[in-house]
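For reference, the structure discussed in these notes is given below.
The values are calculated or read from the model by the stated rules, or taken from the named source; none is laboratory data. Predicted model only: the values in this text are computed from it and were never measured. Ideal geometry is used to build each Cβ from the backbone, glycine not excepted, and the neighbour counts take in all protein chains shown. Side chains included, ligands, DNA and RNA excluded: accessible areas come from the protein's heavy atoms. Shrake-Rupley method; radii C 1.70, N 1.55, O 1.52, S 1.80 Å.
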Amino acid sequence: MGIFQKLTPEQFEAIGTELDAIRNRVLADLGERDARYIRGLVKRQRQLEVAGRVMLMIPPAWPLGVAALGASKILDNMEIGHNVMHGQYDFMGDPALNSQKFDWDTSDTARNWKHTHNYEHHTYTNVLNRDHDVGYGLLRMSEDQAWEPRFLANLPLTVILHTFFQHFVAVQNLKLENYLVYKTKTGAQLREEFKPVWKKMRKQLAKDYVFFPLLAGPLAPLVFVGNVAANLTRNVWACAVIFNGHFPEDVEQFPESVIENETRGQWYVRQLLGSANFSGGKLMHIMSGNLSFQIEHHLFPDLPAHRYQEISPEVQAICRKYGLPYNTGSFLRQTLSTWKRIARLSLPGRRKPATGAAVPANDAESPRELPLAA
Amino acid sequence: MNTANNSNSFLKSGLRRVLSSRLAETLTTPHGVDRYLELFNPTWSVHEVRAEVVAVKHGTADSVTLTLRPNGNWQGFRAGQFLRLTVEINGVRRMRCYSPANSVHAADGLIELTAKAHATGFVSKHLKQGLQPGTVVTLSQADGVFALPDQRPDRVLLISGGSGITPVMSMLRTLLDEKHQGRITFLHYCNTALDMIYASELALIAAQHANVELIRCYAQPEQGGELQGFFSREQLRAAVPDYAEATAFLCGPPAMMAAVEKVWAEDGLGDRLHLERFTAAPLVIDGGSAEGEVRFARSERLAVNSGATLLDQAEAAGLRPESGCRMGICKACTCRKTHGVVRDARTGELSEAGEQDIQICVSVPVGTVTLDI
């Protein structure tokens, strides 16, 4: 029995009200503390970036340079870029930290990412055919996804996805599989959609692989390789964090029918069931952009992420109260569990209907509330 | 107009050219050079005007005078113009318009802003109580058509009320620095003698310059001013008999400005009166007849038209577009309307239906409107 069948409409509504109360309380408290936190991180990221780029040109310091630049890119993309573009710091009115104006140090354009991530992924979290993060059109991540021979390569393709993550994310909006596999998109369409992506990608590639190496003169190859290593570090880490947030084995995927007449309370519960946390210290939380609190992030995508840890006990209490799972574990445990799922899904096989997250027909009179597409 | 100081000279050197080059932009993409410069000094910037607060003084009980040292991007101003000052209060940026009160010829390159802290003035209260010397604030370039013409008029009449004194103070100081020979009348209205900003400096100027006449008019009795009460035609005719010959500059509260404008209009002198509105007439909002919806295209949000201004509706939808004065003055909130008709809440005028830039703080949607926010 899925949890959706166990809860009454009144319980769904109560869960929605209780979670809304947490959100409203934090929103009312936003201010100086959040501003100081994000500015401090931006400062640290820029310091690491400048230091990293300089050290890459000094051979003995090269490994440190890779580490610093890699860390800088991780901070830029995760705790800063991802969270700023969710609008978490829009309340500050600072154009440098505004979701509409911010751009990040990765190949994906801010605009495309906000569409695939903020809208598609956060509204339709783990809903098959709606949330493109479920496999990125490349992998089979759910039993409900029909098996195709290409999924025999699920494991090596996952390695490739981790390695070139920034470029896969950059072209995610193009839904390449529709052109390559399903033939529902024409080459002309694809070329048109690729234009803005290539514009951004080109700038990123030129910066990391042409201009900074050239600046180093005879040490150009060293800087080139250093930038490859820093980008690779960021790619693998970002991909691993994201996979741990949605694909450990107990995390649910949903059929498209789930979103018909979904109420605010049901949307919250789907976010809970479709996300997983991992434990760690302060550094782990910062370096994962606080996506170690993926559950809290999916409930409240537009609250400043450094607040998730503080509200986590309250979210857990609500889960206990209504018998909802709160999926968490060590980083290693969640990673192993995710890879096990990926390996299992390489082979054909469907979920048995009885264990599925089937959803009851919703009360036709229940109002359709707009989900929060932060 | 501004002399060099430490941070200015840094950016005025050849380094500035390097920092604003295409190469610098390429190397710092996507964040831009400024985001790295501010690591070293918060006032350093290639594009933005930033300024350090060097002094905070209280001339009267409810006013505050700030002295700002702008960075090299500040292009100076014409006497009477305003700028947009952005300060951060409890983590949130707030923007307000202020007119520099100093002479445009000030040799130190500093900007002097004076604000009156009203009981409801959130930002002015902060400027008065919370701002410490050393704070770095953001400024816009000077803006506005209210300014001394380049060809200085000979006979000048400066009329101000309350904190509206600041732009005309700048005009007076500028004219004095230029050794202006024509007659200048400085007619100022305020509540009591203690409320008058720049009272002692003005008294001193009047005493030292034969061509400057200071007329103080207090609303309260027994304050020792040259006049008492409120602006009227009779009072003006008695105090400034040749007002029709003067080029007049006016800045003050709405009621006072309306009274002055009326006299000039009746006399057919409208083109000799220059004015600056610090506060706009109240906006007319009629929520009852609102129809259609507001589409925020870039954020992919939709709201039912509530009849409020587009800025209020955007904020109610959880968006935070840039905004400033919220009364149609500063243009900070200007954004692209891609579709629909809006009504100007100040004048009731309807816009065209096509694509255009509008000030969302004073625009009320008439039917469905699409904005690029």
If residue A:202 satisfies every condition in (1) of a type outside the set (A, V, I, L, M, F, W, C); (2) more than 23 Å from residue A:130 (Cα to Cα); (3) open to solvent by less than 10 Å² (accessible area, probe 1.4 Å) but one, which is the exception?
-> (3)
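One line per residue, one yes/no per condition, for (1) within 12 Å of another protein chain (Cβ to nearest Cβ); (2) over 22 Å from residue B:40 (Cα atoms); (3) buried (at least 19 other Cβ atoms within 10 Å of the Cβ):
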position: A:25; (1), (2), (3): no, yes, no
position: A:38; (1), (2), (3): yes, no, yes
position: A:49; (1), (2), (3): yes, no, yes
position: A:55; (1), (2), (3): no, no, yes
position: A:68; (1), (2), (3): no, no, yes
Would you pick out the residues in the range B:228-252 that are surrounded by 17 or more Cβ atoms within 10 Å (Cβ to Cβ) and of a type outside the set (S, T, N, Q)?
-> B:231, B:236, B:240, B:243, B:246, B:248, B:249, B:250, B:251, B:252
Which one of these does residue A:185 not meet: (1) under 25 Å from residue A:307 (Cα atoms); (2) away from chain B (no Cβ under 12 Å)?
-> (1)
Out of B:125, B:116, report the one residue that is surrounded by fewer than 24 Cβ atoms within 10 Å (Cβ to Cβ), on the phi < 0 side of the Ramachandran plot, touching a residue at least 40 places away in the same chain (Cβ under 8 Å) and in the same structural domain as residue B:49 (by TED's automatic domain parsing).
-> B:116
Meets criteria (touching a residue at least 12 places away in the same chain (Cβ under 8 Å), of a type in the set (Lys, Arg) and open to solvent by less than 60 Å² (accessible area, probe 1.4 Å)) for residue A:234 | yes
Name, by its number, the condition in (1) within 12 Å of chain B (Cβ to nearest Cβ); (2) surrounded by fewer than 21 Cβ atoms within 10 Å (Cβ to Cβ) that does not hold for residue A:63.
-> (1)
Pick out the one residue from B:352, B:322, B:315 that is modelled with pLDDT of 90 or more, open to solvent by 40 Å² or more (accessible area, probe 1.4 Å) and out of contact with any strand residue (DSSP E or B) (no Cβ under 6 Å at 6 or more places or on another chain).
-> B:315
So which strands (runs of 3 or more DSSP E) are wholly in the range B:66-127 and hold at least 2 residues that are within 14 Å of chain A (Cβ to nearest Cβ), of a type outside the set (Lys, Arg) and more than 30 Å from residue B:179 (Cβ to Cβ)?
-> B:83-89, B:92-98
Taking the range A:237-261 and keeping only residues that are open to solvent by 10 Å² or more (accessible area, probe 1.4 Å) and in a loop (DSSP other than H, G, I, E, B), one is left with A:249, A:250, A:252, A:255, A:260, A:261
Pull up the range A:71-105, narrow it to residues that are among the polar types (S, T, N, Q) and open to solvent by 10 Å² or more (accessible area, probe 1.4 Å), then point me to the one that is farthest from residue B:91 (Cα to Cα).
-> A:77
Do we find a residue being outside any helix (DSSP H, G or I) and within 20 Å of residue B:30 (Cβ to Cβ) anywhere in the range A:189-202?
-> no
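So, in the range B:135-148, of the ones that are part of a loop (DSSP other than H, G, I, E, B) and either open to solvent by less than 40 Å² (accessible area, probe 1.4 Å) or touching a Leu at 6+ places or on another chain (Cβ under 6 Å) (or both), which residue ends up nearest to residue B:275 (Cα to Cα)?
If we take residues in the range B:135-148 being part of a loop (DSSP other than H, G, I, E, B) and either open to solvent by less than 40 Å² (accessible area, probe 1.4 Å) or touching a Leu at 6+ places or on another chain (Cβ under 6 Å) (or both), then B:146 is nearest to residue B:275 (Cα to Cα).
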Taking interchain pairs and intrachain pairs at least six residues apart, which have beta carbon atoms under 6 angstrom, with the first residue in the range B:81-107 and without any contact (Cβ under 8 Å) to a residue 60 or more places away in the chain and the second part of a loop (DSSP other than H, G, I, E, B) and of a type in the set (Gly, Ala, Ser)?
-> B:90/A:31; B:91/A:31; B:92/A:93; B:93/A:93
Subset of the range B:28-55 that is touching a residue at least 40 places away in the same chain (Cβ under 8 Å) and either under 19 Å from the mean Cα position of the chain (by Cα) or facing chain A (nearest Cβ under 10 Å) (or both) - its residue that is surrounded by the most Cβ atoms within 10 Å (Cβ to Cβ) | B:51
Just to be sure, is residue B:77 open to solvent by 50 Å² or more (accessible area, probe 1.4 Å) and of a type in the set (Phe, Trp, Tyr)?
-> no
By my count, strands (runs of 3 or more DSSP E) wholly in the range B:182-265 with at least 3 residues that are without any contact (Cβ under 8 Å) to a residue 60 or more places away in the chain are B:184-190, B:212-218
In the range A:113-140, how many are open to solvent by 10 Å² or more (accessible area, probe 1.4 Å), of a type in the set (Ser, Thr, Tyr) and within 14 Å of another protein chain (Cβ to nearest Cβ)?
-> 2
Counting only helices (runs of 4 or more DSSP H) entirely within the range A:120-187, those with at least 2 residues that are more than 27 Å from residue A:202 (Cα to Cα) are A:154-163
Where residues in the range B:14-27 are within 11 Å of another protein chain (Cβ to nearest Cβ) and open to solvent by 60 Å² or more (accessible area, probe 1.4 Å), which of them is nearest to residue A:201 (Cα to Cα)?
-> B:25
Name the pairs: first residue in the range A:92-109 and facing another protein chain (nearest Cβ under 9 Å), second residue in a loop (DSSP other than H, G, I, E, B), Cβ to Cβ under 6 Å, at least 6 apart or on different chains?
-> A:92/B:91; A:95/A:101; A:99/A:87; A:103/B:30
Does at least one position in the range A:319-330 carry a residue that is under 18 Å from residue A:117 (Cα atoms) and crowded, with 16+ Cβ neighbours inside 10 Å?
-> no
Does residue A:32 satisfy the criteria of being open to solvent by 10 Å² or more (accessible area, probe 1.4 Å), away from chain B (no Cβ under 14 Å) and modelled with pLDDT of 95 or more?
-> no
Please work out if residue B:170 is in a helix (DSSP H, G or I) and under 16 Å from residue B:253 (Cα atoms).
-> no
